Amino acid sequence: MQNAHKANLADLLEQVSKKLTAGDRLVIVVDALDEVEQETGGNLLDLPPSLPEHVYFLLTRRPYTIDKKRLSTPDVPVEELDLSATKYVDLSREDIKEYIRFFLNVDEDYKKALRQWIQDRKVDENDFVEQVATKSENNFMYLRYILPGIAKGDYNDLSLKQLPDGLKDYYQVHWVRMGMDEKPQEEKVFILFILVEIGTPITCEMIAAIAKQDEYDVQIVLDKWVEYLKPQDIKGEICHSIYHASFLDFLKAKRVLDSKRKLFQEVNQRIADYLIRKMA
């Protein structure tokens, strides 16, 4: 489509709609609206308040209060589905089990190692599917982490029963197995907590300045946690933030723990000192 890069979303959708044949439908899926970082004012993600014929949006987000909706669609029929309802939970579990079977039978990168892990523990394949599905708590992100982790040997010392229960337990098990509660790892924890408290994408250079660490060492830590972080190019600089809201929630929970409360206080003091230096 000519000059598509110059058109706003509403105009672009209108142009696409005119090219659809009688039986065609355009469905646009936008996941995790709760993770959108946007200044207040205007529709969430600048989505259009109305849609042309045969154009649909499928939007997902965590549960929210009405004051946090930030989405106005006065001219669009809307149907809201509570995916925590029993009928959807049951359907999600079937999807979860199918996803696990895909890893076991189709995925060329992981199926051989996963099957070997199962065989080594004399676990029936159907039992593996059912138990991992239960442990996932219907969360695909859990599977996205745990199945490749099993295949890579991260859980060779664990039985099926010992695998983490749910995403929060996965984060905690991963945290402990990386030694993040041990004194030598405190600098790594400090860097993650900076990302939590800043709350917006920041550069490695800025993290290093706040943490009073070498920039090279900070980058090593960021690389170590790459699957949990989101790099963004902002005005030619690579900035980092926590990628998944579930991991951010896990880290925020560390604030209330006695063993981590003092570290969070120090992080906030370092951030304040850094900002004062920048304004001087």
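The values are calculated or read from the model by the stated rules, or taken from the named source; none is laboratory data. Not measured: the values here are computed from a predicted model. Cβ atoms come from the backbone with ideal geometry, glycine included; neighbour counts cover every protein chain shown.
One line per residue, one yes/no per condition, for (1) in contact with a strand residue (DSSP E or B) (Cβ under 6 Å, 6 or more places away or on another chain); (2) under 17 Å from N139 (Cα atoms); (3) loosely packed, with under 11 Cβ neighbours inside 10 Å:
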{"position": "D34", "(1), (2), (3)": "no, yes, no"}
{"position": "G42", "(1), (2), (3)": "no, no, no"}
{"position": "Y56", "(1), (2), (3)": "yes, no, no"}
{"position": "R61", "(1), (2), (3)": "no, yes, no"}
Handout entry: Failed item, numbered, when T134 is tested on (1) among the hydroxyl-bearing types (S, T, Y); (2) out of contact with any Phe, Trp or Tyr (no Cβ under 6 Å at 6 or more places or on another chain); (3) under 30 Å from V189 (Cα atoms)
Key = (3)
Handout entry: Residue that is under 20 Å from the mean Cα position of the chain (by Cα), closer than 16 Å to E266 by Cα and charged (D, E, K, R), where the choices are E227, E186, E197
Key = E197
Completion exercise
Restricting attention to the range 108-146, the residues that are more than 18 Å from D90 (Cα to Cα), in a helix (DSSP H, G or I) and of a type in the set (S, T, Y) number exactly 1
Handout entry: Filter result for the condition that a residue is exposed (fewer than 11 other Cβ atoms within 10 Å of the Cβ), in the same structural domain as Y145 (by TED's automatic domain parsing) and either among the polar types (S, T, N, Q) or touching a Leu at 6+ places or on another chain (Cβ under 6 Å) (or both), over N105, N126
Key = N126
Practice task
Name the residue, out of K161, K183, that is over 25 Å from V106 (Cα atoms), basic (K, R) and out of contact with any Pro (no Cβ under 8 Å at 6 or more places or on another chain).
Solution key: K183
Completion exercise
Of (1) crowded, with 18+ Cβ neighbours inside 10 Å; (2) assigned by TED's automatic domain parsing to the domain that holds N105; (3) more than 19 Å from F103 (Cα to Cα), S136 fails just (3)
